[in-house]
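Participant: Structure provided below as structure tokens; questions to follow.
The values are calculated or read from the model by the stated rules, or taken from the named source; none is laboratory data. None of the values given here were measured: they were computed from a predicted structure. Positions of Cβ are backbone-derived with ideal geometry, glycine not excepted, and every protein chain shown enters the neighbour counts. The protein model used for the area step is the full one, side chains on, heavy atoms only, and it has no ligands, DNA or RNA in it. Shrake-Rupley method; radii C 1.70, N 1.55, O 1.52, S 1.80 Å.
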Amino acid sequence: MKSLTIKLILIFLVFLHAVSANAQEGDFADIFRGTPDDAALYLENYVSPAMLSFSNGMAAGWYNTAKTHKPFGMDLSFSLNVANMPTSERLFSFNPSEYNFLRVKGASGNTEMPTLVGGSTSEILMVQTTQSIEIDGVTYQYEQTKEFDAPGGFDVEDVPFVGVPAPTLQLGIGIFKNTDIKLRFVPEQNFEDYSVKMFGIGVLHDVKQWIPGIRQVPIDISIFAGTTKLQAEYHFEGGDDDGIDWEVKNGLAEFEATASTFQAVVSKKISFFTPYFGIGFNTVSTSLVVNGDYKLFRLTDVNNTSNYFQYQTVSGNDDPVMLNFNGGGGMRTTLGFRLKFFILTLNADYTIQKYNTLSLGLGFTFRENS
């Protein structure tokens, strides 16, 4: 099950390749043919909905009942959480005035471009650099252009609910005073170009025991607080000399997502069926940092007329791509149910928030409070 969790987490990392089932040929490093500023802006627009979908999904799947465990009781569960990306966020507007050298071929104004889930595109991106140089009183204008396929996205036009899956493997342990500690943990896993690790901790505490007058009411009432952090890295290189000399060495994309949630949870067991309800809020924070050494074209004043253009190596430590994605959190309301057969549990719930989230879970539970 841990291996499955890791593989599903890596599904998210495909955005680093900027490809999909219907994407054009291309490579993640192509975006760096311009400047780091151009790359940062394009990537921000391209991956932002997916980033927020993933981080909101990480905040889900923590519980399937308000009932806690007896001391040393436990539950082991796997859940798949998907936070829906609104249809309005499947495309973004490419405004050429916001970019230094990056352009959409044949477009004079704004162009609708796909995000990671915006479907395929036939648009061509190009890095276009020009420079005017005066030689013996005559002004010459030199231009270099490199074209490459714009990254497409997953074609989900006919799919009503679309998001980046956030799988979780979780262990819950009962301690004292009707309190459960919940742990999420994936040790660092290293692949050819990727590495990923995750850790989360949460607390579910029965508050009905502290409220006089309702201890005998046949429902369970708890509060939950938890946070999850995932870190992943992708190593890449690229470059060629077909039109514009460019090169990326030691490219490193570092992705980090943190999601925290606080909720009040109410549930009622009816034989093997337990409906549950939660209300509270999320805070999510996601970042993407891309470091490396970029040999990029730079427009400069050139005195040596035999060398009209200069190139500059920009260290990622001096001029990295740094993106932060916020604004996906807020109030949330969860409604779900659990089916329990001896120690086996199956559950499903739906959370209403800015990025509505669907969660499906499978698990085992031992020594729940009666």
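Participant: Please enumerate the residues belonging to the range 184-225 that are in a loop (DSSP other than H, G, I, E, B), open to solvent by 70 Å² or more (accessible area, probe 1.4 Å) and within 30 Å of residue 250 (Cα to Cα).
Facilitator: 191, 192
Participant: Using the structure shown, decide if residue 56 is outside any helix (DSSP H, G or I), within 16 Å of the chain's Cα centre (by Cα) and not hydrophobic (A, V, I, L, M, F, W, C).
Facilitator: no
Participant: Mind counting the residues in the range 205-219 that are among the aromatic types (Phe, Trp, Tyr) and farther than 25 Å from residue 182 by Cβ?
Facilitator: First pass over the range 205-219, keeping only residues among the aromatic types (Phe, Trp, Tyr): 210.
Of the ones still in play, those that are also farther than 25 Å from residue 182 by Cβ are none.
The number of residues fulfilling the criteria is 0.
Participant: A follow-up question, please. Which residues, taken from the range 99-126, are more than 24 Å from the chain's Cα centre (by Cα) and more than 19 Å from residue 148 (Cβ to Cβ)?
Facilitator: Listed by number, the residues that qualify are 108, 109, 110.
Participant: Need the failing condition index for residue 30 against (1) part of a loop (DSSP other than H, G, I, E, B); (2) charged (D, E, K, R); (3) modelled with pLDDT under 80, just the number.
Facilitator: Unmet for residue 30, out of (1) part of a loop (DSSP other than H, G, I, E, B); (2) charged (D, E, K, R); (3) modelled with pLDDT under 80: (1).
Participant: Determine whether residue 199 is within 18 Å of residue 63 (Cα to Cα) and without any contact (Cβ under 8 Å) to a residue 60 or more places away in the chain. Full working, then the answer.
Facilitator: Working: within 18 Å of residue 63 (Cα to Cα): yes; without any contact (Cβ under 8 Å) to a residue 60 or more places away in the chain: yes.
Judged against the criteria, residue 199 is a match.
Participant: Out of the range 324-368, which residues are surrounded by fewer than 16 Cβ atoms within 10 Å (Cβ to Cβ) and assigned to a loop (DSSP other than H, G, I, E, B)?
Facilitator: Across the range 324-368, the qualifying residues are 326, 327, 342, 343.
Participant: Criterion first (out of contact with any His (no Cβ under 6 Å at 6 or more places or on another chain), at pLDDT 80 or above and basic (Lys, Arg)) does residue 249 satisfy it?
Facilitator: Against the criterion (out of contact with any His (no Cβ under 6 Å at 6 or more places or on another chain), at pLDDT 80 or above and basic (Lys, Arg)), residue 249 does not qualify.
Participant: Please determine, by comparing only the residues of the range 254-286 that are small (Gly, Ala, Ser) and part of a strand (DSSP E or B), which one is nearest to residue 340 (Cα to Cα).
Facilitator: My answer is 267.
Participant: On the basis of being surrounded by fewer than 19 Cβ atoms within 10 Å (Cβ to Cβ), in contact (Cβ under 8 Å) with a residue 24 or more places away in the chain and under 21 Å from residue 47 (Cβ atoms), does residue 81 make the cut?
Facilitator: When the stated conditions are applied, residue 81 does not pass them.
Participant: Taking the range 226-245 as the search range and keeping residues that are part of a loop (DSSP other than H, G, I, E, B) and surrounded by fewer than 16 Cβ atoms within 10 Å (Cβ to Cβ), which one is modelled with the highest pLDDT?
Facilitator: Selected residue: 245.
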